[in-house]
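The values are calculated or read from the model by the stated rules, or taken from the named source; none is laboratory data. As the structure is a prediction and not an experimental result, all values here were calculated from the model. With ideal geometry, Cβ positions are generated from the backbone for all residues, glycine too; neighbour counts draw on all protein chains shown.
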Amino acid sequence: MPLVASTKLPTFEQLRLEGENVVSHDTAVRQDIRELHVGLLNMMPDAALAATERQFFRLIGQSNQIAQFYVHPFTFKELPRSAEAEAYVAQYYETFDAIKAAEAPAPAGGRRQHALRRAAFTPLRHLARAVRSGGTAHSRGERRGGCTSGGKR
């Protein structure tokens, strides 16, 4: 189903030119189609930043025929970036804190959703802490979420 161009991120226009199904936010809100919000933690080097967006957006845009996808790219400010990449991220990406704080519509059983939301961010909190301290759990050989230093599950 379509990707929703909810921001001015250049990837949306590039995908539209490549023939992908990308709709404007105004069009999306008038349609009676389920929406899915997906976060993209993009930690790729500057040279691969935009290409990674396009690949990820293309993949999820083609994966489901009954939903509109709102993609929320974000990265960690602690990652070293060139001035050009920092400007790009500042202009087009959301912050991790803004994504965590975003209000999602609460379905029946809102408590369960809150617990699930908290659980979904736990691995990202660990990763953010590791990036801030100059490494990752994986590079230090710690076991987090099934990953070991040998890369086996």
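Tabulated values for the structure
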quantity: Check on residue 26, farther than 23 Å from residue 98 by Cα and either hydroxyl-bearing (Ser, Thr, Tyr) or out of contact with any helix residue (DSSP H, G or I) (no Cβ under 9 Å at 6 or more places or on another chain) (or both); calculated: no
quantity: Which listed residue, of 26, 32, 46, is among the charged types (D, E, K, R) and under 26 Å from residue 83 (Cβ atoms); calculated: 46
quantity: Unique match (being at pLDDT 85 or above and either assigned by TED's automatic domain parsing to the domain that holds residue 130 or more than 24 Å from residue 128 (Cβ to Cβ) (or both)) among 80, 10, 73, 45; calculated: 10
quantity: Residue 58, sole failed condition from (1) farther than 28 Å from residue 132 by Cα; (2) in contact (Cβ under 8 Å) with a residue 40 or more places away in the chain; (3) buried (at least 17 other Cβ atoms within 10 Å of the Cβ); (4) within 15 Å of the chain's Cα centre (by Cα); calculated: (3)
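A quick yes/no check of all residues on (1) of a type outside the set (Phe, Trp, Tyr); (2) over 17 Å from residue 14 (Cα atoms); (3) surrounded by 17 or more Cβ atoms within 10 Å (Cβ to Cβ); (4) touching a strand residue (DSSP E or B) at 6+ places or on another chain (Cβ under 6 Å):
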residue	(1), (2), (3), (4)
38	yes, yes, no, yes
46	yes, yes, no, no
68	yes, yes, yes, yes
76	no, yes, yes, no
